[in-house]
Every structure is written in structure tokens, then in C-alpha cells.
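Derivation of every value follows stated rules applied to the coordinates shown; laboratory data play no part. Not measured: the values here are computed from a predicted model. Here the Cβ is made from the backbone with ideal geometry for all residues, glycine too, and neighbour counts use every protein chain on show.
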2 protein chains.
Amino acid sequence: MRLATLRHGDGTTSAAVVADGIATDVVGAADVGALLADPEWRTRAASADGQQTAIDGLAPENWGAVIPRPGKVVCVGLNYREHILEMGRELPAHPTLFAKFGTAITGPYDDIAIPAHAADQVDWEAELAVVIGERVRDADPAAAAAAIAGYSVLNDISMRDFQNRTVQWMQGKNFEATTPLGPVLVTADEFEPGPSIRCDVNGETMQDGATDDLVFTPADLVAYISAIFTLEPGDVIATGTPGGVGHARTPARYLADGDELVTTIDGIGALRNRIRTR
Amino acid sequence: MRLATLRHGDGTTSAAVVADGIATDVVGAADVGALLADPEWRTRAASADGQQTAIDGLAPENWGAVIPRPGKVVCVGLNYREHILEMGRELPAHPTLFAKFGTAITGPYDDIAIPAHAADQVDWEAELAVVIGERVRDADPAAAAAAIAGYSVLNDISMRDFQNRTVQWMQGKNFEATTPLGPVLVTADEFEPGPSIRCDVNGETMQDGATDDLVFTPADLVAYISAIFTLEPGDVIATGTPGGVGHARTPARYLADGDELVTTIDGIGALRNRIRTR
């Protein structure tokens, strides 16, 4: 199944099942996060019979972040094997984790508004997002895999100057409404990591990796993180980014007002966002 | 005013006003976080007329974390001036920020249960907690000060082995239900940073600082953070810890099963927690 969060003209949002060019609302679920909080979410989604909308009748602004306000966004640094090795580093023994608050998330086609004081070193990080579908703590590998509702696309937009002001990256990773997530969640039975992940800026491909080139797989990450705290439905794990970010280029390259950012994972879909500095 | 979150025998919690040895529930507010979400919280608290309980009739387990599940806990590293200078470092130009998720919080008198795999380097960090009382974004100094509902006591219990596994501290700072917060929130009109902050382990004083020895004041932090994202009612800022943590001692000293931890800020109160490894 493919799930989306749709914005309606009346200011409400709804969880919807996307199939055969039609989005069908799941009655009573305000968004995909709310849907996943119901242990019967698979059954509810499979029997969705709410308002139907042709996909091609939806404007970009009708697509919300698939999880608009996750309780937790756990991000992973340094996880793409080829990128680590090409930089001459050793493969890490433990995942590098940092946090985003839910306020960082924005929609898959929304403009990304950057405040002027943070607009100097805006960079991209295409990532495979893992979305949690059930409460899980101290998961063994099988329980960890079973707790994954599915996968989505995320761009961990990073203000490198803020990220590197101190030894902790958090402040460069948490600017409000700058992390697009979506356009859909593909359930775990229909997506296996492996397909290509790419980031294009104004039509030029900047990152191109394979979503199975991970040191720590999605299930590894769920197991590791759940030994620290409970993961809950709608929580998101951003699994790291392949090589090709702007900050590591010579010369460094950053996003500027008007740039178009397209973040794609084959088999899931693409985020299309325009950078707006203000 | 002094506000608390009380646990009742029936499994519910309530926000309560604590004065003259009596805790008076605020009708309709499930905890202090929920109370602060109402823009009229000051008026509601001032006119509290719910269930009354003598403080000395309350068991330790009746006291909940003053904000049981903050939307955000923004933590500050390296903020006590004397401690930074005695370590031979320069005063920082920007605050070092990292994140806790709300799942890390626990009550002021609760046992702190540490999983066996994380019990080797458990350390203390007594901190002044700032609690946000209104939505604030891009705050100037006056707006930042006005957004502070009040102050509480927090201990940023840190698993140093996890903290130092990678360059990002988050995983050592986020073990579930290991960060006590409370016992009360003292509103900003009744508390000015300055009084002593202490941490005692089994009766031995380990940290002893002054809550106004901060490089970045509470209002500075609100202004700085709100230039990154919106702070919302019930969000918590942990303002950093003075010298004397166990990891920096020679030899290093860590918390063990059965240790009693008392974290005090004069004018607010004391957290009393026992360490339990399991």
C-alpha cells in the first residue's frame, strides 16, 4: 500500500491510500501519523472508502508531509558504506545518532523557507526515511523488522554554518519546516531497500546512491534505538545520506533562493521543493 | 506560584498549585504541560479550586514530572562560566545545543531504572530547567523573557559510554525515563536565577554552583533557539551543568545500583531519585 497525508481546501488533512491514480481518504484518520497510531491501521487502510480524488487533480499544495508532526525524528550520520570508505574512514561500530524535533518537517512539494540569518550554507542530504508502525522497545531483529510500517523520502536540509558552530549538529538540522518528508509511505511489504536514491539541484544530479548500501540497515537501527527508548507509531528514522553533499564539494556548493531540489527514491517517489530565502 | 503535576490513585494526573502546604488541582488540566497550553493558564492557576491535598499526605510516587512529556527538551552543553574557565577553555560564542525527546523525562522522586547494557558509566548533571509558557518564534530579548513560564530542576543523567560512542551525544542523553524533572515549576515572577544548584550522591556534594553563572542566560537561550524553531508551551530548556560531574573526576566516578541522587536548586526544591540497574 501507498499512504499519503492530503491537505483539503477546508484546512483539514486526511490519511489517504494512493492506488491506480486515485487517493482514497481513510475515514477518521487526520494524517498518516494518526492512522499508524491505531493498531488496526493496516485493516483500516485496506478498507478505505472515504472521499476519492484523482491524483492528477491534486495540486502540489494538497500534499502534506506524510507524517506531518512526528513525535521523534531520529537521524543517522555516516551510514552509506561507499561514501565512508571513499573518505578514507573506517566503518563505524555504532550508528551516529542525532535528533530532529517534529517542527522541522514540511511537505513534499512545499517551498523551503530559510530565514536570512541561516541562508549562507544551506545543503542537501537525500535520505531513506523509515516510518515506525508499532510501539517497540528492546526489539530483537525480527521484532525490529516487524515494527517498520514502511518507507518514505526525506531531505535532511542542513545549515552547515549552524551545524558547525559547536560540536553538536542539532542546531543546523532543526530549522523549522525545512525537512521535506513524503510524498507517500510505501508499506514494508512493497518496498525493500536497494533502489536508487538521488538528489538533483536545478536538474543536476548531486547525489546518486543505493538504499541498501547502509552500514546499519533499517532493522538494525530500530533494534539499536529501541534499546535506548521506545519507538512509537509515526516516529521517523532518517537513515543517513550518500556522498555528494554540497559542503564536501570543491568548491563547496550551497542552495540559494529559487533553487529547485528534487529528492528521489525509485519505487517510492520524489520530493520537489523550491528554496526561498527571506 | 508553584505548580506541580500530581499522580492520583486512579491513574490520572492533574496540574496543581502548591501553596501553604496544600496542593490544589487546577480543574481540567491533566498536567502542567496541558495547563501551560492554555493562554489563560495564569488566571486558571490563580483561581484553582479543585481537589485539595495536604502536601505531607502525598507519597513520593504521587509527584509526577512537572512536564511529563515535553514536546521538546533542548539541552545546552558548556554553559557554566566558572567551569569553562577552570577547564582552560574560552567562553563560547554560541550555545552548544542537543536534544532530548520527551520520553527521557521521569518524576522527581521516581527510581531511575537503567538497563544493564547502559549501566557502566551513568553520570549526573544538575541543571536549571526553563519551562516555556507561550509560543515564541524569533524572539527579541523582551519577548524571550516574557515567554518563560518559570523554572524547575532537572538532572540530565548521561550514559557517558553511549554519549562518547560517536561524536554526537544524543544516544547517551536519551535513555527512557532517566531524566527527572520537578518537583515544581516556580513561575518567573517568583524566581530569578542566582540561587545555589547542587547535586549530592549518597549525601556527598558533587556539584555546587550558582544558577546565574551562565554564559547564556535563560532569555538568551530562548531568543537564540527561537531563531531556529518555534518554542511552544511546555517545552523545556535544560541550561547546562556546573563542574563536578563524575566522568571528569580522577578517578572517574559513576552511579551504581542503589545510589541516592539529590538534585537541589534553592528556591525551587529538590529531586530525590534512586538508581536501579536491571
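Here are the numbers:
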quantity	calculated
Sum of side-chain charges, residue B:226 neighbourhood, beta-carbon under 12 Å (Lys, Arg +1; Asp, Glu -1)	-4
Within 10 Å of each Cβ in B:226-238, the average number of Cβ atoms from other chains	3
Charge context of residue A:215, other residues only, Cβ under 12 angstrom, K/R +1, D/E -1	-3
Residue (of B:54, A:34, B:66) at the positive-pole extreme of the protein assembly as shown, dipole from beta-carbon charges	B:66
Cα gyration tensor, the stretch A:63-216 - rounded (a/c under 1.5), prolate or oblate	rounded
Simple Cβ-charge dipole of chain B, Lys/Arg +1 and Asp/Glu -1, about Cα centre, in debye nearest 20	700
Rounded to the nearest 20 debye, dipole of the stretch A:88-142 from Cβ charges on Lys, Arg, Asp, Glu	200
Cα-centre dipole for the stretch A:1-64 with unit charges at Cβ (Lys and Arg positive, Asp and Glu negative), debye to 20	140
Cα gyration tensor shape of the stretch A:1-64, rounded if a/c is under 1.5, else prolate or oblate by comparing a/b with b/c	oblate
Of A:168, A:121, A:207, the one that fluctuates the most in a GNM where chain A has Cα springs shorter than 10 Å	A:168
Total formal charge among the other residues, if their Cβ is under 9 angstrom from that of residue B:163, Lys/Arg +1 and Asp/Glu -1	+1
Cα centroid of the stretch A:233-278 to Cα centroid of the stretch B:165-189, whole Å	31
Per DSSP, loop GluC sites (Glu not before Pro) in the stretch B:55-148 with at most 12 further Cβ within 10 Å	B:90
Chain A: most fluctuating residue of A:250, A:43, A:179 per GNM, C-alpha cutoff 10 Å	A:250
Alpha-carbon centroid distance for the pair the stretch B:2-32 / the stretch A:1-63, whole angstrom	39
Estimated inter-spin distance, residue A:138 and residue A:8, nm [label 7 Å along Cα→Cβ]	4.4
The stretch B:70-139: C-alpha gyration tensor shape, a/c 1.5 cut-off, then a/b vs b/c	oblate
